[in-house]
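Undergrad: Below you'll find the structure I mean.
The values are calculated or read from the model by the stated rules, or taken from the named source; none is laboratory data. Owing to the predicted nature of the structure, the values given are computational and were not obtained by experimental measurement. Don't worry about glycine lacking a Cβ; one is built from the backbone with ideal geometry, like all the others, and counts go over all protein chains shown.
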Amino acid sequence: MNMSFGLREENRALLQRVADMIRDEIMPLEEEYQAEIDKGDRWQYTERQAEILEGLKAKAKAAGLWNFWLTDSDKGFGLTTVEYAYFAEEMGKTPLGAEVFNCSAPDTGNMEVFERYGSNEMKERWLKPLLNGEIRSAYLMTEPDVASSDATNVSMSCVRDGNDYVLNGEKWWSSGAGDPRCQVYIVMVKTAGDEQPKHKRQSMIVVPADAPGIEILRPMHVYGHDDAPHGHMHIRFSNVRIPAENILLGEGRGFEIAQGRLGPGRIHHCMRAIGQAESALEQMCKRSLQREAFGKKLAQLGANYDIIAECRMEIEMARLLCLKAAWYMDQGDARAAAPWISQIKVVAPRVALKVIDEAVQMFGGQGVSQDTPLATAWTHVRTLRLADGPDAVHRRQVARAELKKHTQEKV
């Protein structure tokens, strides 16, 4: 089997342009952008914050560095999933990276859904401004009262009533729903009872964020942080009426849509995590060469040589595994790609967390403070071990695929 994990020559130059913009124009503004969050209403963008973000987006768009995620479309750059993985890694090196190039989650997955399954009206109303970076969106699946790692448990009521569906229930960890620019949700709902097969009971429906009956109860905190102004919101739906044509593909097609949406998204998350690991390793190395204790550079103390070496080797292994998962995705067989995606979904956050934690250790007390980006990076990557399926679920999928090679029985 001939696997290629490389970039075409023209895309190598494109990637370098992205890397240069991240290093020279985005990273220098990170600290100022973050400081603006604590000024005034945390859930609104300050004038300076908007100026920084929209200014960078305008530069990226003007330079043609926009919507790289469109890997299976006549729009965009025609990147393969393998090629896009390198871009995601670069964008992962800064918290602003993905949005500046219009490659943010959950928008990329939602845009794919709109492009593949949306009506012409949805494409005009939602997809067009999303592609232009003018609005944001959210994807609502997880619920507080059921174990949503098994998505067949999703139970938000969605009942047909004439030309409408009526939604009742609660969702939480609705990432991005706190953003004042968030205008649309794609929501996983339950439209059928036990009379249908368990994977035919859920559907996806498009819901305007300002629909009557929607109430944002609270932002969920991630290790004590509200992640404003992006936010991971807890939302209540009370008799929310949505036109029947807003159901995507028809009733019972939710799982079909979800699998198409989540596979590439998981790879993107993992490669961004590898980018965060690379950034942490760079910070660790610079710190170890600048700081002295006991008459020596930190790099020369204890096991720090070994720690740095192990971090480098584990990043390289994780990247290669991620590229292999991306290659399988490019072959067009989602079922064959699934075990590889599950493997990287476990491995990449684990490796990134280890590297970030070692960097924190190298910085000492400063590493857990607001004076470096390491503490925030750690909390974000730690949540990735739960987002899009917890480790235990993905390990189960990997084990089932492995055992299937040795038995004809269902495992």
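Undergrad: Which ones in the stretch 26-55 are of a type outside the set (A, V, I, L, M, F, W, C), in a helix (DSSP H, G or I) and surrounded by fewer than 15 Cβ atoms within 10 Å (Cβ to Cβ)? Let's see the steps before the verdict.
TA: Our first condition is that a residue be of a type outside the set (A, V, I, L, M, F, W, C); within the stretch 26-55, this holds for 28, 30-34, 36, 38-42, 44-49, 51, 54-55.
In the following step, the residues that additionally are in a helix (DSSP H, G or I) were identified as 28, 30-34, 36, 47-49, 51, 54-55.
Listed by number, the residues that qualify are PRO28, GLU31, GLU32, GLU47, ARG48, GLU51, GLU54, GLY55.
Per-residue answers, yes or no, for (1) among the β-branched types (Val, Ile, Thr); (2) surrounded by 14 or more Cβ atoms within 10 Å (Cβ to Cβ); (3) farther than 24 Å from LEU374 by Cβ:
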{"site": "GLN283", "(1), (2), (3)": "no, yes, no"}
{"site": "LYS286", "(1), (2), (3)": "no, no, no"}
{"site": "GLU292", "(1), (2), (3)": "no, no, no"}
{"site": "GLY295", "(1), (2), (3)": "no, no, yes"}
{"site": "ALA299", "(1), (2), (3)": "no, yes, no"}
{"site": "ASP306", "(1), (2), (3)": "no, no, no"}
{"site": "ALA309", "(1), (2), (3)": "no, no, no"}
{"site": "MET313", "(1), (2), (3)": "no, no, no"}
{"site": "LEU320", "(1), (2), (3)": "no, no, yes"}
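Quick grid of which residues meet (1) buried (at least 19 other Cβ atoms within 10 Å of the Cβ); (2) in a helix (DSSP H, G or I); (3) without any contact (Cβ under 8 Å) to a residue 24 or more places away in the chain:
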position	(1), (2), (3)
GLN276	yes, yes, no
ARG335	no, yes, yes
ASP357	no, yes, yes
PHE363	yes, yes, no
GLN370	no, no, yes
TRP378	yes, yes, no
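Undergrad: Is it the case that some residue within the stretch 2-11 is part of a loop (DSSP other than H, G, I, E, B) and either under 23 Å from PRO219 (Cβ atoms) or of a type in the set (Ser, Thr, Tyr) (or both)? Don't jump to the end; show me each part of the working.
TA: From the stretch 2-11, those part of a loop (DSSP other than H, G, I, E, B) are 2-8; that's our starting set.
Subsequent filtering for residues that are either under 23 Å from PRO219 (Cβ atoms) or of a type in the set (Ser, Thr, Tyr) (or both) retains 4.
Yes - at least one qualifying residue is present in the stretch 2-11.
Undergrad: Can you pull out every residue in the stretch 367-411 that is in contact with a Leu (Cβ under 9 Å, 6 or more places away or on another chain) and closer than 21 Å to LYS286 by Cβ?
TA: Selection gives GLY367, VAL368, TRP378, VAL381.
Undergrad: Taking VAL346, is it in contact with a His (Cβ under 8 Å, 6 or more places away or on another chain) and either on the phi < 0 side of the Ramachandran plot or in a loop (DSSP other than H, G, I, E, B) (or both)? Step through it out loud before you land on a result.
TA: On the way: in contact with a His (Cβ under 8 Å, 6 or more places away or on another chain): yes; either on the phi < 0 side of the Ramachandran plot or in a loop (DSSP other than H, G, I, E, B) (or both): yes.
Spelling it out, VAL346 is indeed in contact with a His (Cβ under 8 Å, 6 or more places away or on another chain) and either on the phi < 0 side of the Ramachandran plot or in a loop (DSSP other than H, G, I, E, B) (or both).
Undergrad: At pLDDT below 95 and under 24 Å from ALA258 (Cα atoms): which single residue out of ASP371, ASP333 fits that description? First the steps, then the outcome.
TA: Values: ASP371 fails: under 24 Å from ALA258 (Cα atoms).
Within the list ASP371, ASP333, the selection yields ASP333.
Undergrad: Just to be sure before I move on: is THR94 assigned to a loop (DSSP other than H, G, I, E, B), of a type in the set (Val, Ile, Thr) and either more than 29 Å from GLN202 (Cβ to Cβ) or modelled with pLDDT under 95 (or both) in the structure I sent?
TA: Values: assigned to a loop (DSSP other than H, G, I, E, B): yes; of a type in the set (Val, Ile, Thr): yes; either more than 29 Å from GLN202 (Cβ to Cβ) or modelled with pLDDT under 95 (or both): yes.
So THR94 passes the test.
Undergrad: What number of residues in the stretch 372-399 are under 18 Å from the mean Cα position of the chain (by Cα) and of a type in the set (D, E, K, R)?
TA: Final tally of qualifying residues: 4.
Undergrad: Output the number of residues of the stretch 176-198 satisfying the condition of being at pLDDT below 95 and assigned to a strand (DSSP E or B).
TA: Residues that pass the stated criteria total 0.
Undergrad: Against the definition (over 21 Å from LYS93 (Cβ atoms), in contact (Cβ under 8 Å) with a residue 40 or more places away in the chain and surrounded by 20 or more Cβ atoms within 10 Å (Cβ to Cβ)), how does VAL346 come out, yes or no?
TA: Numbers: over 21 Å from LYS93 (Cβ atoms): yes; in contact (Cβ under 8 Å) with a residue 40 or more places away in the chain: yes; surrounded by 20 or more Cβ atoms within 10 Å (Cβ to Cβ): yes.
Yes; evaluated as a whole, the condition is true for this residue.
Undergrad: Could you grab me the full set of residues in the stretch 130-170 that are under 30 Å from TRP66 (Cβ atoms), touching a strand residue (DSSP E or B) at 6+ places or on another chain (Cβ under 7 Å) and of a type in the set (Gly, Ala, Ser)?
TA: SER137, ALA138
Undergrad: For the stretch 50-87, enumerate the residues that are touching a residue at least 60 places away in the same chain (Cβ under 8 Å) and within 25 Å of PRO180 (Cα to Cα).
TA: LYS57, LYS61, TRP66, ASN67, TRP69
Undergrad: Of all the residues that make up the stretch 124-138, how many are free of Cβ contacts under 8 Å to residues at least 60 places away in the same chain and surrounded by 15 or more Cβ atoms within 10 Å (Cβ to Cβ)?
TA: 7
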